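> Got a structure here, written out as structure tokens. Questions coming.
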Amino acid sequence: MVSRYLPLLCCALALLLGEGLGNSSVSGPRNKRSSYSSSKPSVKDIALELAKTHLLKMIADERADLKKAKESVYILQRDRCTNIKSVGKPVTHNTRSRTQGAWMKDPLGIMGTETIFVMKSYASQNVVEEFENMDMFKAGVARKTYKLPYKWDGTGGVVYGPFLYYNRENSNYIVKFNLHTERKEAEIRVSGYTARKNGYAWCGGYCGMDLAVDEQGLWVLWGSTGNSKRLYAYKIDVFKNEVTHSYTLGTEPMSSMGNAFVACGVIYCIDAYNSRSTTINFAYDTKTGKQWNPNIQFTNQYTYNSMVDYNPRERVLYAWDHHRQVTYSIAFEEEH
């Protein structure tokens with residue numbers, strides 16, 4: 001967090017040191033003009049005040065964002081949360097040139113409730129596109145692009161508040177990238193994860209770490225060779241940037257799984273990525289420890305679904321199915 005303010009702090013320190021050194025070399029005759037100089041601010045004085053003002057504004061903005069994020073999380077958590085009963089047919093919104101990719105909105109709304117972020121492909125890329133809304137996304141008119149400090153692996157990146165989280169290429173680290181300052185905020189280590197050794201069926205190991213967001217916050221799902229290639233789930237504290245809870249799951253091997261996501265604290269796994277008709281055949285409730293096969297019908301309309309993620313604000317699934325960006329409506333069980 002401090003690293004973001006370092007350039008301003010260094011600038012202010014340099015100005016102070018420069019002023020101090022200048023004063024130490026002042027000769028006697030120059031002191032005669034000291035009364036005049038003190039009444040008129042120097043360029044250094046003005047620059048220092050501007051740096052201090054900007055620094056204070058950055059800190060205030062960050063605190064405001066943090067408060068807004070906490071309030072949004074509370075609103076999402078207090079809403080009724082039950083198990084998924086059914087998933088609707090996919091609705092196609094757009095088509096892009098890349099077969100695989102990820103697209104998403106910020107479920108907290110801090111980056112705008114209509115803003116769309118796009119991460120094209122699943123490897124060797126480090127540029128994220130931002131679109132003002134769905135119309136601009138369909139028109140292909142990006143409002144902004146972000147150049148990330150590292151390339152990503154997989155299609156598991158998510159935007160959560162003013163941050164983008166993604167798996168750093170060929171590593172066991174999650175990069176937390178600040179979309180406001182366009183700087184790396186932190187790196188979170190996923191202990192036990194071996195890069196490119198285990199992933200969903202479609203990616204040959206490149207998509208072994210899948211970030212997810214639900215009403216409870218940020219998660220990372222990943223396949224471990226030490227767990228017979230089955231999934232682990234970690235809950236991440238986004239304020240402390242550390243793992244707080246871990247779950248060892250009895251899923252099918254990740255290498256034969258289509259995809260997975262989290263909704264209302266329940267981890268769901270999709271059986272296949274390339275069958276037009278498949279099922280959600282695994283569910284695990286992190287609140288109760290209950291595991292079951294919900295046998296929910298799921299459609300891969302274009303038979304190559306490389307990304308499925310839940311948006312807790314809209315309560316829909318976002319997916320990237322063979323060039324197409326689609327969403328699925330969700331029906332939840334009634335609260336008892």
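The values are calculated or read from the model by the stated rules, or taken from the named source; none is laboratory data. Here the structure is a predicted model, which is why all the values come from computation and not from measurement. As a convention, Cβ positions derive from the backbone with ideal geometry for all residues, glycine included, and neighbour counts pool all protein chains shown. Quick note on the areas: whole protein, heavy atoms, side chains included, nothing else; ligands and nucleic acids left out. Shrake-Rupley method; radii C 1.70, N 1.55, O 1.52, S 1.80 Å.
> Which of the residues spanning the stretch 101-124 are open to solvent by 30 Å² or more (accessible area, probe 1.4 Å) and within 27 Å of residue 279 (Cβ to Cβ)?
If we filter the stretch 101-124 for residues that are open to solvent by 30 Å² or more (accessible area, probe 1.4 Å), which is where we start, we get 113-114, 120, 122, 124.
The one that is open to solvent by 30 Å² or more (accessible area, probe 1.4 Å) and within 27 Å of residue 279 (Cβ to Cβ): 122.
> Taking the options 218, 231, name whichever one is within 17 Å of the chain's Cα centre (by Cα), modelled with pLDDT of 95 or more and not acidic (Asp, Glu). Break it down stepwise before answering.
Numbers: 231 fails: within 17 Å of the chain's Cα centre (by Cα).
Matching residue, one of 218, 231: 218.
> Further question on the same structure: Could you check the stretch 186-229 and list, in sequence order, the residues that are in contact with a helix residue (DSSP H, G or I) (Cβ under 7 Å, 6 or more places away or on another chain) and either β-branched (Val, Ile, Thr) or open to solvent by 20 Å² or more (accessible area, probe 1.4 Å) (or both)?
192, 194, 197, 201, 216, 229 - these are the residues of the stretch 186-229 that are in contact with a helix residue (DSSP H, G or I) (Cβ under 7 Å, 6 or more places away or on another chain) and either β-branched (Val, Ile, Thr) or open to solvent by 20 Å² or more (accessible area, probe 1.4 Å) (or both).
> Take the conditions of a type in the set (Lys, Arg) and either on the phi > 0 side of the Ramachandran plot or crowded, with 19+ Cβ neighbours inside 10 Å (or both) and apply them to residue 138. Does it pass?
Numbers: of a type in the set (Lys, Arg): yes; either on the phi > 0 side of the Ramachandran plot or crowded, with 19+ Cβ neighbours inside 10 Å (or both): no.
No, not satisfied.
> Let me ask something additional. If a residue must be touching a His at 6+ places or on another chain (Cβ under 9 Å) and under 18 Å from residue 96 (Cα atoms), how many such residues does the stretch 277-323 contain? Let's see the steps before the verdict.
The first filter runs over the stretch 277-323 and keeps only residues touching a His at 6+ places or on another chain (Cβ under 9 Å), leaving 286, 300-306.
Then keep just the ones that are under 18 Å from residue 96 (Cα atoms); that gives 300-306.
Result for the stretch 277-323: 7.
> If you don't mind, there's one more thing I want to ask. Could you tell me whether residue 127 is farther than 26 Å from residue 276 by Cα, at pLDDT 95 or above and not in a loop (DSSP other than H, G, I, E, B)?
Working: farther than 26 Å from residue 276 by Cα: yes; at pLDDT 95 or above: yes; not in a loop (DSSP other than H, G, I, E, B): yes.
Yes, satisfied.
> Being more than 21 Å from residue 131 (Cα to Cα), among the charged types (D, E, K, R) and open to solvent by 10 Å² or more (accessible area, probe 1.4 Å) is the filter here, so list the residues in the stretch 153-183 that pass it.
168, 169, listed by residue number.
> Right, next: Quick one: what pairs do we get from the stretch 239-257, first residue touching a residue at least 12 places away in the same chain (Cβ under 8 Å), second assigned to a loop (DSSP other than H, G, I, E, B) and surrounded by fewer than 15 Cβ atoms within 10 Å (Cβ to Cβ), C-beta under 8 Å, 6+ apart or different chains?
Short answer, once both residue conditions are applied: 243/191; 253/228.
> Return the residues of the stretch 137-148 that are in contact (Cβ under 8 Å) with a residue 12 or more places away in the chain and not in a loop (DSSP other than H, G, I, E, B); say none if nothing qualifies.
The first filter runs over the stretch 137-148 and keeps only residues in contact (Cβ under 8 Å) with a residue 12 or more places away in the chain, leaving 137-138, 142-148.
Matches in the stretch 137-148: 137, 138, 144, 145, 146, 147, 148.
> If you don't mind, there's one more thing I want to ask. Under 6 Å between Cβ atoms, which residue pairs at least 6 apart in sequence (or on different chains) link something in the stretch 149-166 that is over 18 Å from residue 304 (Cα atoms) and without any contact (Cβ under 8 Å) to a residue 40 or more places away in the chain with a partner that is surrounded by fewer than 24 Cβ atoms within 10 Å (Cβ to Cβ) and among the small types (Gly, Ala, Ser)?
If the second residue must be surrounded by fewer than 24 Cβ atoms within 10 Å (Cβ to Cβ) and among the small types (Gly, Ala, Ser), the pairs left are 151/124.
> What pairs come out if I take residues in the stretch 75-98 that are at pLDDT 95 or above and pair them with residues that are assigned to a helix (DSSP H, G or I) and among the aromatic types (Phe, Trp, Tyr) whose C-beta lies under 9 Å away, six or more apart or interchain?
Close Cβ pairs satisfying both conditions: 93/137; 94/137.
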